[in-house]
Amino acid sequence: MLHQLRLQQVLQVLAALSLLLLPLLFFYGQNQGYNFNTIVLVKYIGFCLVFGGIYFIHSYFLFPKLYAEKKLLAYIACLIVILAVIVAIRPFDYFIAKSGNPPPPLQPHKFDHPPHRNEHGPKQGGPLIDIISVFIFFIIIILDVSKATNKQLRLTTERALKAEAEKAHAELSFLKAQVNPHFLFNILNNIYTLAVIKDENTAPSIMKLSNMMRYLTDQGGNDEVDLEEEITCMSDYIDLQRLRLTQKTNLIYEVTGDPSQKKIAPLILMAFVENVFKYGISNHKKNQLVIKLFIEQTFVNLYCENTINPEKKTEKRTGIGLENTKKRLGYLYPNRHILEVTNDQKVFKINLTIHLNS
């Protein structure tokens, strides 16, 4: 990206130098052997100032103030006015006529009326329009528009890369939160208890933990996964969390609809499910956890509800976090999701609808 940007800048500088050197090439092409004197230098500087002024006016006023603000009529009108001035003052013809034609050597008068020589403008019979100046005018406008467009494209690309980095950071944060030693300790301790009492759920629990960890490590970095895989991981996670629930917690988990042939961003649903268990479980008072996933042909709806545990109100939130999840949803599903968050100090609710690609 940086190499490409520098190449574009070099090409633009070369193009600008070529345009400024163009009148000198014409001058010496028509006046071989004529020395570059002060008059020529002054006229050349005037020529450069005219087109340099056009560039700066367009670059710092016309493009950002009119074109970028969608004031196209005013922008076009200004360009027409500038072009009309160029046609009227004929900067290139003026440079050639005033500087490029040295006075002829003195000759004996052979005519009573010597032929008229135009010393104050282009030769008579020349083109009515200063074509070279008009050509340079349009090239300057095109170069400046190209430069500004490339700049906007670069900024857009940088924003996309930044959003992609935030997405990767969010996924990594969630992954770290799930595989931290505290989480593994709790789950493995529960599985150990099942093994001691020779519970029939021991082997299935180990398999679910293995499947969930494999999904997190293998699929967590992908752009999209099968909705069925996301639901399977979410179900395994919920089943493992059930191992540590007491009779004080009432868990409602429902999945309705057909998830086949549908894609979704990985861990986008798991993030909300994680928060339900992390901040809704209490071993001292009755609490209720609700997780409902409704699947339609073109969208999925996730509803999560948990009783607010006063003991965890001041606990620092870790993992992916609600704010990071909102940013990720905005990046992955712009204008294709609705997220409603309700907190009445007693119950915390999440209602998320994601419209899938058809």
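Of the residues LEU240, LEU227, the single one that is under 24 Å from GLY257 (Cα atoms), out of contact with any helix residue (DSSP H, G or I) (no Cβ under 9 Å at 6 or more places or on another chain) and open to solvent by less than 50 Å² (accessible area, probe 1.4 Å) is LEU227. Residue count for the stretch 62-100, restricted to those that are under 25 Å from the mean Cα position of the chain (by Cα), exposed (fewer than 15 other Cβ atoms within 10 Å of the Cβ) and at negative phi: 6.
Counting only residues that are of a type in the set (S, T, N, Q), give me the strands (runs of 3 or more DSSP E) lying completely in the stretch 188-307 with at least 3 of them. The qualifying strands (runs of 3 or more DSSP E) are 249-256, 299-307.
The values are calculated or read from the model by the stated rules, or taken from the named source; none is laboratory data. From a predicted model like this one, the values you see are computed outputs, not experimental measurements. Don't worry about glycine lacking a Cβ; one is built from the backbone with ideal geometry, like all the others, and counts go over all protein chains shown. Heavy atoms of the whole protein, side chains included, go into the accessibility calculation; ligands, DNA and RNA do not. Shrake-Rupley method; radii C 1.70, N 1.55, O 1.52, S 1.80 Å.
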